[in-house]
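Worksheet: the structure to be examined is printed underneath.
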Amino acid sequence: MNFISLNSPDQKTPTNAPFLNPQVHADSSTFKADISKAEAYAQVLDEARGLIDGQRNWVCFPPSSFLCWETGIVDIGGASKTNMRFYTLDPSSTSSKPSLILGPFQGKVACQTIAFSRGVCGTAASTQTTQLVPDVEKFPGHIACDAASQSEIVVPIVVDGVVKAIIDVDCGVKEGFDEVDRKWLEELAGVLAEGCDW
């Protein structure tokens, strides 16, 4: 009998088992103690791809990428995560006044709707570019959904030239994110953009 490894050498599923559907296991959020942030992101991206395989409903995808939050990627290097959430394009908004609506999230309750013209999330959505903000107090029009947030990164998920959603991560210290976060969160956004029907 042949086996495929799911997440670790001790987790194996027979490849010829007709009723078993290999899935990413909860142990996916287990990281080795001395892992770098880039290595952690690489693991998360691999796990997210595994979760996405064979499923195109976008509702299933954002929770899979919360591996980032659950495993504390933004904690690596001494930062302190506060929230990770998805906002999706509000289907009730108009093309002349588009807005985002809160989707799946981890952390504290956040603002329900955000216009494309407001805050870090709205700026990322309207410009279709990642916003890496080292100090939210210095960002013009910042929306303080959580007073504990000191820095933020927002990455748009763009499909066929249209923003369908954004990934929004807050951190409880200033300069909590860097180019490593940008690179890997943009890759995650790309995986989510291609992997589902928005």
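Can you go through 45, 100 and tell me which one is touching a Leu at 6+ places or on another chain (Cβ under 7 Å), of a type in the set (A, V, I, L, M, F, W, C), at pLDDT 75 or above and not in a helix (DSSP H, G or I)? If you could, list the steps in order and put the result at the bottom.
Numbers: 45 fails: not in a helix (DSSP H, G or I).
Exactly one of 45, 100 is touching a Leu at 6+ places or on another chain (Cβ under 7 Å), of a type in the set (A, V, I, L, M, F, W, C), at pLDDT 75 or above and not in a helix (DSSP H, G or I), namely 100.
Going through 71, 82, 129 one at a time, which residue ends up being of a type in the set (Ser, Thr, Tyr) and at pLDDT 80 or above?
Details: 71 fails: at pLDDT 80 or above; 82 fails: at pLDDT 80 or above.
Just one listed residue meets the conditions, 129.
Which residue out of 164, 138, 174, 183 is basic (Lys, Arg), more than 18 Å from residue 58 (Cβ to Cβ) and touching a strand residue (DSSP E or B) at 6+ places or on another chain (Cβ under 8 Å)? Quick ask: steps written out before the conclusion?
Working: 164 fails: more than 18 Å from residue 58 (Cβ to Cβ); 138 fails: touching a strand residue (DSSP E or B) at 6+ places or on another chain (Cβ under 8 Å); 183 fails: touching a strand residue (DSSP E or B) at 6+ places or on another chain (Cβ under 8 Å).
So the residue among 164, 138, 174, 183 that is basic (Lys, Arg), more than 18 Å from residue 58 (Cβ to Cβ) and touching a strand residue (DSSP E or B) at 6+ places or on another chain (Cβ under 8 Å) is 174.
Among the residues of the range 38-51, write down those that are in contact (Cβ under 8 Å) with a residue 24 or more places away in the chain, more than 14 Å from the chain's Cα centre (by Cα) and more than 8 Å from residue 184 (Cβ to Cβ).
Selection gives 50 alone.
In the set 115, 124, 189, 148, which member is buried (at least 19 other Cβ atoms within 10 Å of the Cβ), touching a Ser or Thr at 6+ places or on another chain (Cβ under 7 Å) and in contact (Cβ under 8 Å) with a residue 12 or more places away in the chain? Can you show your working first?
Values: 115 fails: buried (at least 19 other Cβ atoms within 10 Å of the Cβ); 189 fails: touching a Ser or Thr at 6+ places or on another chain (Cβ under 7 Å); 148 fails: buried (at least 19 other Cβ atoms within 10 Å of the Cβ).
After ruling out the rest, the residue left standing is 124.
Could you give me the residue pairs with C-beta distances under 6 Å whose first residue belongs to the range 163-178 and is surrounded by fewer than 24 Cβ atoms within 10 Å (Cβ to Cβ), whose second residue is part of a loop (DSSP other than H, G, I, E, B) and of a type in the set (Phe, Trp, Tyr) wherever it lies, and which are 6+ apart or on separate chains?
Here the result reads 164/198, each pair linking the range 163-178 to a residue that is part of a loop (DSSP other than H, G, I, E, B) and of a type in the set (Phe, Trp, Tyr).
Would you check if there is a residue in the range 191-198 being under 28 Å from residue 56 (Cβ atoms) and touching a Gly at 6+ places or on another chain (Cβ under 9 Å)? Steps first, answer last, please.
The first filter runs over the range 191-198 and keeps only residues under 28 Å from residue 56 (Cβ atoms), leaving 191-198.
Still in the running and touching a Gly at 6+ places or on another chain (Cβ under 9 Å): none.
Among the residues of the range 191-198, not one is under 28 Å from residue 56 (Cβ atoms) and touching a Gly at 6+ places or on another chain (Cβ under 9 Å), which makes the answer no.
Against the definition (modelled with pLDDT of 90 or more, out of contact with any Pro (no Cβ under 9 Å at 6 or more places or on another chain) and under 28 Å from residue 50 (Cα atoms)), how does residue 184 come out, yes or no?
Details: modelled with pLDDT of 90 or more: yes; out of contact with any Pro (no Cβ under 9 Å at 6 or more places or on another chain): yes; under 28 Å from residue 50 (Cα atoms): yes.
Here the answer is yes, as residue 184 does meet what is asked.
When you go through (1) modelled with pLDDT under 85; (2) surrounded by 15 or more Cβ atoms within 10 Å (Cβ to Cβ); (3) out of contact with any helix residue (DSSP H, G or I) (no Cβ under 6 Å at 6 or more places or on another chain) one by one for residue 108, which number turns out not to apply?
Among (1) modelled with pLDDT under 85; (2) surrounded by 15 or more Cβ atoms within 10 Å (Cβ to Cβ); (3) out of contact with any helix residue (DSSP H, G or I) (no Cβ under 6 Å at 6 or more places or on another chain), the lone unmet condition for residue 108 is (2).
Restricting attention to the range 141-158, which residues are within 15 Å of residue 118 (Cα to Cα), in contact with a strand residue (DSSP E or B) (Cβ under 9 Å, 6 or more places away or on another chain), assigned to a loop (DSSP other than H, G, I, E, B) and of a type outside the set (A, V, I, L, M, F, W, C)?
Answer for the range 141-158, where residues must be within 15 Å of residue 118 (Cα to Cα), in contact with a strand residue (DSSP E or B) (Cβ under 9 Å, 6 or more places away or on another chain), assigned to a loop (DSSP other than H, G, I, E, B) and of a type outside the set (A, V, I, L, M, F, W, C): just 142.
The values are calculated or read from the model by the stated rules, or taken from the named source; none is laboratory data. Predicted model only: the values in this text are computed from it and were never measured. Positions of Cβ are backbone-derived with ideal geometry, glycine not excepted, and every protein chain shown enters the neighbour counts.
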